[in-house]
1. Quick check on my filter: what residues within the stretch 119-133 are open to solvent by less than 70 Å² (accessible area, probe 1.4 Å), assigned to a loop (DSSP other than H, G, I, E, B) and charged (D, E, K, R)?
2. Filtering the stretch 23-53 down to residues that are of a type in the set (Asp, Glu) and at pLDDT 90 or above, which residue is surrounded by the most Cβ atoms within 10 Å (Cβ to Cβ)?
3. Can you go through 159, 153, 85 and tell me which one is small (Gly, Ala, Ser), surrounded by fewer than 18 Cβ atoms within 10 Å (Cβ to Cβ), more than 19 Å from residue 40 (Cα to Cα) and in contact with a strand residue (DSSP E or B) (Cβ under 7 Å, 6 or more places away or on another chain)?
4. Answer with yes or no whether residue 91 is modelled with pLDDT of 90 or more and in contact with a Leu (Cβ under 7 Å, 6 or more places away or on another chain).
5. Of everything in the stretch 63-82, what is within 16 Å of residue 126 (Cβ to Cβ), in contact with a strand residue (DSSP E or B) (Cβ under 7 Å, 6 or more places away or on another chain) and not polar (S, T, N, Q)? Give them in sequence order.
6. Condition first: in contact with an Asp or Glu (Cβ under 9 Å, 6 or more places away or on another chain) and modelled with pLDDT of 85 or more. Can you find one or more residues in the stretch 157-166 that meet it?
Amino acid sequence: MKYVKWVFVVLLISSLTSFVEKDKPTGGLNVGDIAPDFEIQTMSANQSVHELSDLKGRYVLLSFWASYDAQSRMQNASLNNALRASANNNVELVSVSFDEYKSVFEETVRKDQMVTPTCFVETEGESSGLFKKYRLSRGFSNYLLDDNGVIIAKNISAAELSSYLN
């Protein structure tokens, strides 16, 4: 009987803790904000620069992640798969990894079968200007932008993206 009370107390505390965590602000930008423009070096041989503003007029799914963050990595891969599975191709995925080593990023992209020409690595990691500009935290984020660059959804799941696309 004594142990049952302690188990109950532990369960109660853990459930309250998880409830508090859900209500915590996630940081970063919010729905209704205009996504800040940025430019990033591509991985291609000619090393051209890609700018977010180049995609104005299209819907953009902007996904920030890192290979060391399993949750953001799984989320990024599932979003990529949802976009590939959709017949509706009016959304462009821009995937930005904050891995400090290009080799780690390349191996992760290969393992996760990330097939997108707009998959980039920011090798300055969390100290990069882009990380700070989007006020990201270790939890990372993704943003769905409308054709004017306005954030219309934040931290969208693959299921939510699929329903949006259909």
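1. 122
2. By that ranking, first place goes to 33.
3. The match here is 153.
4. Answer is no for this residue.
5. Passing the criteria: 64, 65, 66, 73.
6. No, every residue in the stretch 157-166 fails to be in contact with an Asp or Glu (Cβ under 9 Å, 6 or more places away or on another chain) and modelled with pLDDT of 85 or more.
Okay, residues lined up against (1) in a strand (DSSP E or B); (2) over 16 Å from residue 41 (Cβ atoms); (3) open to solvent by less than 20 Å² (accessible area, probe 1.4 Å):
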residue	(1), (2), (3)
93	yes, yes, yes
103	no, no, no
106	no, no, no
113	no, yes, no
117	no, no, no
135	no, yes, no
148	no, yes, no
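The values are calculated or read from the model by the stated rules, or taken from the named source; none is laboratory data. Quick caveat: nothing in here was measured; it's all calculated off a predicted structure. Positions of Cβ are backbone-derived with ideal geometry, glycine not excepted, and every protein chain shown enters the neighbour counts. Ligands, DNA and RNA are excluded from the accessible area calculation, which covers all protein heavy atoms including side chains. Shrake-Rupley method; radii C 1.70, N 1.55, O 1.52, S 1.80 Å.
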